[in-house]
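Undergrad: Below are the structure tokens for one structure; questions will follow.
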């Protein structure tokens, strides 16, 4: 990383004092240019965040090694605003992890393989430059909250969560951050843009992959599954992303969700958010104990009133789903349902309507399979 001007003193970007109910987040931002550092300062200003700024990995590690220079307080996360997720970035993530400080990456473009490597190295999130400033701050705060929760659990102050912080799949292609305070796009705008790009997707597998990558890029790290209905009235797994559940447990869970949860939830008219254990067991079933520490978001994708797919996303309650993301899912659901219906019509146009079958029928299932860090469709 090219060295840049450095200010290793924490800068208070908020104008008010710390909340008496929760400690002020302390964030170290490493960015190579004055312009990028100023952009982050602008984005975090007024949000009650203590922000340290520096320009190189070497200076960043020095600050992590000497918390006494920060008045005896440590940084909770590091924000890496980097031009590429290269080996040097991965080395820094691992080094920061040795100091028990997770890294949050902002990068113009990251391949799926690079994203997986970054998460395996210990990165807690990869942020798309297309996010609104308020969503950006929410993601930073969520990363701090997750880091605090995991640190507390490891120190034995409370029982450990059933699983750790999740890693996102490849973010949607984005342009570099130039002005984080610029007028953002609304959830509807983002969903409409995706709808345009989905129009050329006539392959179910490609459509599922593109859709999950989009949702993970906008909503952050999460487990996700898409269930497709068959003509027999049951559901099959169409695609999934699994980051926090052991592979053997995940397979059992996904089977349960397909057989029990999907038929229960396919009538919902709007995105359904489940935040309490009692809600989860009531709506999903009794045999999902390990999910009780999660927030669950489900939504059905319809065309002409018929449910063509059910999405379920779940992640640790320390990183709840934001209201903007839930609104985005509401707009996305309509677009995805319409496009999936179009795919069905095109694929079966040579057959009578009563012979079309459904996407989730056994003879339509192709491929699938994957490890616990990837996506299957």
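The values are calculated or read from the model by the stated rules, or taken from the named source; none is laboratory data. Keep in mind that this is a model prediction, so the values were computed, not measured. Using ideal geometry, Cβ is built from the backbone for each residue, glycine included, and neighbour counts are taken over all protein chains shown.
Yes or no, residue by residue, for (1) modelled with pLDDT of 90 or more; (2) in the same structural domain as residue 340 (by TED's automatic domain parsing); (3) surrounded by fewer than 16 Cβ atoms within 10 Å (Cβ to Cβ):
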{"site": "244", "(1), (2), (3)": "no, yes, no"}
{"site": "247", "(1), (2), (3)": "no, yes, yes"}
{"site": "255", "(1), (2), (3)": "no, yes, yes"}
{"site": "258", "(1), (2), (3)": "yes, yes, no"}
{"site": "269", "(1), (2), (3)": "yes, yes, yes"}
{"site": "289", "(1), (2), (3)": "no, yes, yes"}
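Yes/no per residue for (1) touching a strand residue (DSSP E or B) at 6+ places or on another chain (Cβ under 8 Å); (2) more than 23 Å from residue 145 (Cα to Cα); (3) buried (at least 24 other Cβ atoms within 10 Å of the Cβ); (4) in contact (Cβ under 8 Å) with a residue 24 or more places away in the chain:
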| residue | (1), (2), (3), (4) |
| --- | --- |
| 286 | no, yes, no, no |
| 293 | yes, no, no, yes |
| 297 | yes, no, yes, yes |
| 302 | yes, yes, no, yes |
| 305 | no, yes, no, no |
| 311 | yes, yes, yes, yes |
| 314 | yes, no, yes, yes |
| 318 | no, no, no, yes |
| 324 | no, no, no, yes |
